Amino acid sequence: MADDCEDLESLTNQLSSLVTSLQQQGILDKYFDIFYKVKEDTGNPLFFLRTALAFCSNAERLLNSLHRALHFPVVDFNDILEYNIKLKGSSSSIGLRGMVLGCADLAKAINRESREGCVLALERLNREYQVAKDRLATILELERKITSLNMDKS
């Protein structure tokens, strides 16, 4: 039992250090802290895990839709704007600063109705997503372990 408490404390400290580092690097922002703490407010220890996984699935779908929309013979910038708004909203709600900034770049290209600008912005957005996805994977692995230890204590 003492080992579990030490493991839980160690994992919690690792997670906290990782999040702080990612915030200092500009990958996460303060909204991530709020998003993470919602699990406590809901009383659902799996809320964070499920929502983060749903974000990844949704983000990949939206990024694919953006890619397809930019490769039609005639680009419908209204469709691209709609996908970008959805992606920016979900990214900002969980505190992914790099993704939000990438969406802002895409919005500027959409406003200029520049296919080339949109393609370049989407490339950046894809890079930002890969970074976010990789870091979220590490966060989620730590969170799974923490949740498992907490559930074992109950």
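Here are Leu96, Leu49: which of them is modelled with pLDDT under 95, surrounded by 14 or more Cβ atoms within 10 Å (Cβ to Cβ), under 30 Å from Ser16 (Cβ atoms) and not acidic (Asp, Glu)? On inspection, the qualifying residue turns out to be Leu49.
Exactly one residue out of Asp41, Asp7, Asp79 is among the acidic types (Asp, Glu) and surrounded by 15 or more Cβ atoms within 10 Å (Cβ to Cβ): that is Asp79.
Would you confirm whether or not the range 75-90 contains a residue that is at pLDDT 95 or above and within 30 Å of Met151 (Cα to Cα)?
Looking through the range 75-90, at least one residue is at pLDDT 95 or above and within 30 Å of Met151 (Cα to Cα).
So is Phe72 of a type in the set (A, V, I, L, M, F, W, C) and either surrounded by 11 or more Cβ atoms within 10 Å (Cβ to Cβ) or closer than 16 Å to Leu140 by Cβ (or both) or not? For Phe72, the condition - of a type in the set (A, V, I, L, M, F, W, C) and either surrounded by 11 or more Cβ atoms within 10 Å (Cβ to Cβ) or closer than 16 Å to Leu140 by Cβ (or both) - is not met. Among residues of the range 59-75 that are in contact (Cβ under 8 Å) with a residue 40 or more places away in the chain, those with a beta-carbon under 9 Å from a residue that is among the acidic types (Asp, Glu) and loosely packed, with under 13 Cβ neighbours inside 10 Å at least six positions away or on a different chain give the pairs Val75/Glu113. Within the range 97-120, being aliphatic (A, V, I, L, M) and over 17 Å from Arg61 (Cα atoms) holds for Leu101, Ala104, Ala107, Ala109, Ile110, Leu120. Determine which member of the set Ala54, Ala107 is of a type in the set (Gly, Ala, Ser), at negative phi and surrounded by fewer than 16 Cβ atoms within 10 Å (Cβ to Cβ). Within the list Ala54, Ala107, the selection yields Ala54. For the range 75-94, the candidate set comprises residues that are β-branched (Val, Ile, Thr) and out of contact with any Leu (no Cβ under 9 Å at 6 or more places or on another chain); within that set, the residue that is farthest from Leu140 (Cα to Cα) is Val75. Criterion applied to Leu63, Leu11 was being under 17 Å from Arg144 (Cα atoms) and either over 18 Å from the mean Cα position of the chain (by Cα) or modelled with pLDDT of 95 or more (or both), and the one residue passing it is Leu11.
The values are calculated or read from the model by the stated rules, or taken from the named source; none is laboratory data. All values reported here derive from a predicted model rather than from experimental measurement. Glycine also receives a Cβ, built like all others from the backbone with ideal geometry; neighbour counts cover every protein chain displayed.
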